[in-house]
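The values are calculated or read from the model by the stated rules, or taken from the named source; none is laboratory data. All of these numbers come straight from a predicted model, not from anything done at the bench. Virtual Cβ from ideal backbone geometry, glycine too; neighbours counted across all protein chains shown.
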C-alpha cells in the first residue's frame, strides 16, 4: 500500500495545503497545475479532487490557510520584538525585516495572487487578509500611540505593502529601511 493511501483526510489536507503554499508562492497560481499539487503533496488526484473539486477551490483554501499561518507568524514575531521594548508600530517593520530576508522570499502572496485572479471568492479572502492586518496595526498603534490619528493604521498598511513589494522587486531591504525611518519620523510628529 502506498504512503498516500494510508494518509488521513486531515494529513492529506495539510500535505496539499503545504504543497499549494510552496508552489503557488514560488511559481504563481497560473504556473501550477493540480497535477503539480498531486506530485508534491503525495496525495492522489482522486483524493485531491474530493477535497478541492476545482483549482479555484484549492486556491481559496490555500489563501485562507496562508492568511491564518501568516497572521500567526506575524503576531508572534511582532510580540517577540515588543518583549525587547521596541515601539509597537516599529516592531512591525522588524518582523517584516525577518521575512524579507528569508530564502525564497517573493513578496506578499496576497498581492501576488490578486494580480492573477479575478475570482470574487479569492479577492474577498485577500481583502479580508488586508483588513485584518490593518486591524492588528490599529491595535499596535493604539498601544504605544493612543493619540495617533484615525488614519494611521491604514497608512501603515500602505507603507508596509509598498515596502514588501519593493523588497521583492529590488531583492534588497533598503525599501523596508526607508519605510521604517519614514514611519519613525511620522510617529515623532504625533502629539502626546
Quiz item: Just checking, which of 168, 155 is free of Cβ contacts under 8 Å to residues at least 40 places away in the same chain and surrounded by fewer than 19 Cβ atoms within 10 Å (Cβ to Cβ)?
Solution: 155
Practice problem: State whether one or more residues within the range 106-125 are without any contact (Cβ under 8 Å) to a residue 60 or more places away in the chain and within 23 Å of residue 186 (Cα to Cα). | Solution: no
Quiz prompt | Within the range 126-135, considering residues that are free of Cβ contacts under 8 Å to residues at least 60 places away in the same chain and touching a helix residue (DSSP H, G or I) at 6+ places or on another chain (Cβ under 8 Å), the one farthest from residue 30 (Cα to Cα) | solution = 135
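Among the residues of the range 39-49, are any assigned by TED's automatic domain parsing to the domain that holds residue 184 and surrounded by fewer than 14 Cβ atoms within 10 Å (Cβ to Cβ)?
To start, the set of residues in the range 39-49 that are assigned by TED's automatic domain parsing to the domain that holds residue 184 comprises none.
No - not one qualifying residue is present in the range 39-49.
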Quiz item: Considering 36, 65, which residue is in contact with a helix residue (DSSP H, G or I) (Cβ under 6 Å, 6 or more places away or on another chain) and touching a residue at least 24 places away in the same chain (Cβ under 8 Å)?
Solution: 65
Self-check item: Residues that are touching a residue at least 60 places away in the same chain (Cβ under 8 Å) and loosely packed, with under 13 Cβ neighbours inside 10 Å, drawn from the range 171-192
Solution: none
Quiz prompt | Residue among 37, 111 that is under 30 Å from residue 180 (Cβ atoms) and modelled with pLDDT of 95 or more | solution = 111
Exercise. Evaluate the following for residue 31: is it loosely packed, with under 15 Cβ neighbours inside 10 Å, in a loop (DSSP other than H, G, I, E, B) and not assigned by TED's automatic domain parsing to the domain that holds residue 164?
Key: yes
Practice problem: Working carefully through the options 63, 23, find the one that is in a helix (DSSP H, G or I) and farther than 27 Å from residue 136 by Cβ. | Solution: 23
Self-check item: Matching residues, the range 5-18, being assigned to a helix (DSSP H, G or I), in contact (Cβ under 8 Å) with a residue 24 or more places away in the chain and either crowded, with 16+ Cβ neighbours inside 10 Å or within 16 Å of the chain's Cα centre (by Cα) (or both)
Solution: 12, 13, 15, 16, 17
Practice problem: Go through the range 68-89 residue by residue and tally those that are touching a residue at least 60 places away in the same chain (Cβ under 8 Å) and surrounded by fewer than 18 Cβ atoms within 10 Å (Cβ to Cβ). | Solution: 3
Quiz item: What are the residues in the range 71-128 that are under 12 Å from the mean Cα position of the chain (by Cα) and at positive phi, if any?
Solution: 107
